[in-house]
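All remarks here apply to the structure that follows.
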Amino acid sequence: MPVAAALVLPLVMAGVLLASGIAKIREPDDLDGWAELGVPRRFRRRWLVRLHPWAEIALALALVVLGGVLGALAALVCLTLMAGYLALVIRTLRAAPDASCSCFGTRRPVTRLTAARNVWLTVVAAVTVAVIWRAPTFGGALAGITGVHAWAWVAVAAVAVLTALVIVWPDAIVPASSAVPPSPIVGDDEDEDYVRVRTPAVPVTLADGAVVNLRRLATARPLLLLAVSPGCAACAPVIDHTPVWRDRLPELDIRFLLSAAPGQASLTERDEPQSLHDPHGYVRESIGEWSTPTAVLLGADGLLAGGPITGGDAIAAFVEDIRASLDELRAEPHAVSESGSASP
């Protein structure tokens with residue numbers, strides 16, 4: 001491929017960064033999203049989350065108008081960024097297969113397709129490093145694409161189309177945690193926007209190997225499911241706070257919901273309340289696709305009472321809502337007793 005034609009590749013890479021940056025500005029990510037994707041803790045800063053999309057846009061502009069040594073430096077930054085994204089995606093696939101990311105704004109599950117896309121973008125970034133230094137220092141790739149033969153444009157167009165396809169290829173979208181307002185009290189009808197549906201009557205496995213019906217299990221006591229994964233960084237605060245929540249909410253059974261079979265996950269709990277195991281994904285597929293960590297409250301009346309709520313901070317707030325609602329319920333009998341004793 002002639003050099004002039006190859007210089008279109010930095011423009012393709014710039015288009016990817018520009019699209020990514022604009023999408024992130026329109027639908028900002030948060031610290032929970034970065035934690036879920038496995039971004040190292042030292043980089044999980046709110047100011048970095050806010051700066052991230054603008055940095056991608058600035059890098060895109062640099063790839064368009066800079067060449068020579070300056071363009072090569074910008075391309076190296078781009079290659080490092082793409083390789084970092086790829087490493088995070090691969091590690092997430094291995095450690096937390098039900099995780100998601102907001103790579104292009106909308107939160108989507110991390111799948112093998114995500115990894116394949118990032119492999120391709122890393123290759124395009126590497127080629128960009130190899131060719132951009134031959135573009136004019138000021139004017140860059142935009143000034144260097146002159147005199148390109150028609151056949152070369154066909155090859156470049158094929159690369160551009162393939163890149164666009166791997167980015168926009170349809171995939172399942174993870175519902176936002178705020179899409180369904182929580183109804184933390186079992187049987188609470190005050191929140192008219194929350195439609196209570198039946199708890200799915202699907203089989204789940206207890207840590208001791210017994211297979212139970214999820215709906216029947218929840219009829220004994222309200223059940224708060226915490227869908228977590230051992231390798232999920234965003235799950236760590238939820239896992240750490242679970243003993244405290246159990247102490248504060250004795251009216252509920254609070255159980256881990258794990259995608260691994262009993263004994264295959266370090267979070268397996270054999271003491272009551274035992275962990276629940278759903279290796280076939282029956283629960284998640286019946287209620288709604290989610291990423292970890294997610295909380296769902298199942299009512300003793302056979303209906304969902306709240307959730308699903310995704311994200312560590314959102315789950316903590318959800319638990320506080322449940323606690324406040326239970327405090328009100330605890331106070332009601334006393335109020336009735338007092339009014340009764342005051343009656344003539």
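Name the residue that is surrounded by the fewest Cβ atoms within 10 Å (Cβ to Cβ), counting only residues in segment 204-232 that are touching a helix residue (DSSP H, G or I) at 6+ places or on another chain (Cβ under 8 Å) and more than 16 Å from ALA295 (Cα to Cα). Only one residue fits best here, namely GLY231. The lone criterion from (1) within 19 Å of LEU303 (Cβ to Cβ); (2) modelled with pLDDT of 75 or more; (3) open to solvent by 60 Å² or more (accessible area, probe 1.4 Å) left unmet by ALA201 is number (3).
Go through segment 86-103 and give me each residue that's crowded, with 19+ Cβ neighbours inside 10 Å, at pLDDT below 85 and under 25 Å from LEU267 (Cβ atoms).
As a first pass, look at segment 86-103 and keep what is crowded, with 19+ Cβ neighbours inside 10 Å: 86, 88-89, 92, 96, 98-103.
From what is left, the residues that are at pLDDT below 85 are 92, 96, 98-103.
Within segment 86-103, THR92, ALA96, ASP98, ALA99, SER100, CYS101 meet the criteria.
Select from segment 104-125 the residues that are among the hydrophobic types (A, V, I, L, M, F, W, C) and open to solvent by 30 Å² or more (accessible area, probe 1.4 Å) and write down the one among them that is modelled with the lowest pLDDT. Per the stated criteria, the residue is PHE104. Considering only residues in segment 288-339 that are buried (at least 16 other Cβ atoms within 10 Å of the Cβ), at pLDDT below 80 and hydrophobic (A, V, I, L, M, F, W, C), the one that is nearest to THR199 (Cα to Cα) turns out to be TRP290.
For segment 268-287, the set of residues classified as crowded, with 17+ Cβ neighbours inside 10 Å and under 21 Å from GLY307 (Cβ atoms) consists of GLU269, PRO273, GLN274, SER275, LEU276, HIS277, ASP278, VAL283, ARG284, ILE287, listed by residue number. Taking strands (runs of 3 or more DSSP E) as the structural unit, those lying wholly within segment 195-259 and holding at least 3 residues that are closer than 16 Å to ARG270 by Cα correspond to 203-206, 253-258.
Within segment 57-72, residues that are under 13 Å from THR128 (Cα atoms) reach partners that are in a helix (DSSP H, G or I) and of a type in the set (S, T, N, Q) with beta carbons closer than 9 Å, at six or more positions or on different chains, in the pairs ALA60/SER20; LEU63/THR128; GLY71/THR128.
The values are calculated or read from the model by the stated rules, or taken from the named source; none is laboratory data. Source: prediction; values computed, not measured. Quick reminder, even Gly has a Cβ in these numbers, built from the backbone with ideal geometry, and neighbours come from all protein chains shown. These area figures cover heavy atoms from the full protein model, side chains too; ligands, DNA and RNA do not enter into them. Shrake-Rupley method; radii C 1.70, N 1.55, O 1.52, S 1.80 Å.
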